[in-house]
Each structure stands twice: as C-alpha cells, then as structure tokens.
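What follows is one structure encoded as structure tokens, with my remarks underneath.
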Amino acid sequence: AAFGELGRARGGIPCDPGAGSGAGVPAPTSTDPGTAVGGPAVHTCTPLTVTAATLGTVELRTNRGLLAVPAWQFAVDGATGFGSPVARVAVDPATFGLPPQAEIPPWGESDVATVDRLTLAEPRRIEFTIGVSACSSDPVGYVHETTDVVVVGGYAQPKPGPCIGALKLVPVTVALNDALAARPILDSVSGRVLL
C-alpha cells in the first residue's frame, strides 16, 4: 500500500507540486530539440509514490570525518535519476535552539581575537596562541564549555589612536571545569576545529 505521494517529478526529478505540468516554462517554437528556441522544453511532472518508510542511518560528511546519523529511508515508485531508497535525515526538532552564549566583554571595549594555533590540550588545561593588534594590551584567553564541545578564543584591550597594521601572536592558557575527554575544541571566531 502506498503511503502517499512523495512529490511530483520533471523527468523523474522532484519539482514544485504547485507549478503543474510545465507551468511558467515557455513552449519551444520547434519540436526538434536541436533547433528549439524560446526557452527550455516543457516537461511533464510524474507523481512519485512512497511505498515504504523505515528508520535507518545515512553517512554524512562533517569536518570531523564521516558520521552515521539517523534517517528516514523511503522506497519510491516512479523515481528515475536518483536511487531508492530516498533518505531524509531524522532530527528531533527539540535539538534546535539558540546556541549557547559565552561570556566575553562587549564589542567595542575589547578586540575579539581568533585562535592562531593550539599548542597544548591537557585534560583540564588548553594553551593556544591568539592573533591581536600589535598595539593591543592585556591579551586574555577565554573558554566556553558544553557537554559536547569546548570553544576557545581571546580578546585584548585596543590602544586608542593610530597603530601599525601588524598582527601579534600571543600565547594564552585557559582552565577547563570538566575534563576535555573526546570533546572537540573549536575557535570562537571561525568555528574551525582545532582538535
């Protein structure tokens, strides 16, 4: 038994179900595709029918390698041009929300600094260098921890007035409240994975 219509397809590829058959596409002035002018050829939409749905997994590429994630896998009749089953990642809507906010000085009172490189990662301590203006003073590293990730960055006090356009790399150290374990370390400015 069919679970319902997955969508409509133009030549076996899903298309807008509200557009109808060839809606909004100018008709060619010739039936010969080699000499047709006036726009792309009109395609008809073919219904795709879901015949089965199962919960499984798919592999997604991440910046930390391949990751197997839960996904709904749909068996589809009438689909050409892409394989069956068709997978859709299954994500609990409750997992979405606002990202956690780290406590850093307000913008304008300090220069936020990106992490240049990680130099040491121990269970309760992380050392790294930050890039600050050559005229900045009092560079400080900061850390924000969650159960899944550690985010590090830095800031420094800007010097009023003109300054040379040079980057100064400064070593900083932060202490962790919980052991680092297998949590990745991210740069707070770029989101780059440092470890």
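The values are calculated or read from the model by the stated rules, or taken from the named source; none is laboratory data. All values derive from a computational prediction rather than experimental measurement. Note that each Cβ is placed from the backbone with ideal geometry, even for glycine, and that neighbours are counted across all protein chains shown.
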Listed by first then second residue, the pairs whose first member lies in region 54-75 and is under 10 Å from A90 (Cα atoms) and touching a residue at least 24 places away in the same chain (Cβ under 8 Å), whose partner is surrounded by 14 or more Cβ atoms within 10 Å (Cβ to Cβ) and of a type in the set (S, T, N, Q), with beta carbons under 7 Å and at least 6 positions apart or on separate chains, are G56/Q73
Only one of these is among the polar types (S, T, N, Q) and at pLDDT below 55: T57, T31. Name it.
-> T31
Sole miss for V172 among (1) touching a Phe, Trp or Tyr at 6+ places or on another chain (Cβ under 8 Å); (2) under 24 Å from R64 (Cα atoms) is condition (2)
Looking for whichever is assigned to a loop (DSSP other than H, G, I, E, B), farther than 23 Å from R183 by Cα and either within 32 Å of the chain's Cα centre (by Cα) or at pLDDT below 60 (or both) here; the options are F74, F82. Which one fits?
-> F82
Those residues that are assigned to a strand (DSSP E or B) and touching a strand residue (DSSP E or B) at 6+ places or on another chain (Cβ under 7 Å), I need them from region 139-152; list them, please.
-> P139, V140, G141, Y142, V143, H144, V150, V151, V152
Among residues belonging to region 89-138 that are assigned to a loop (DSSP other than H, G, I, E, B), more than 26 Å from the chain's Cα centre (by Cα) and charged (D, E, K, R), point out the one that is modelled with the lowest pLDDT.
-> E109
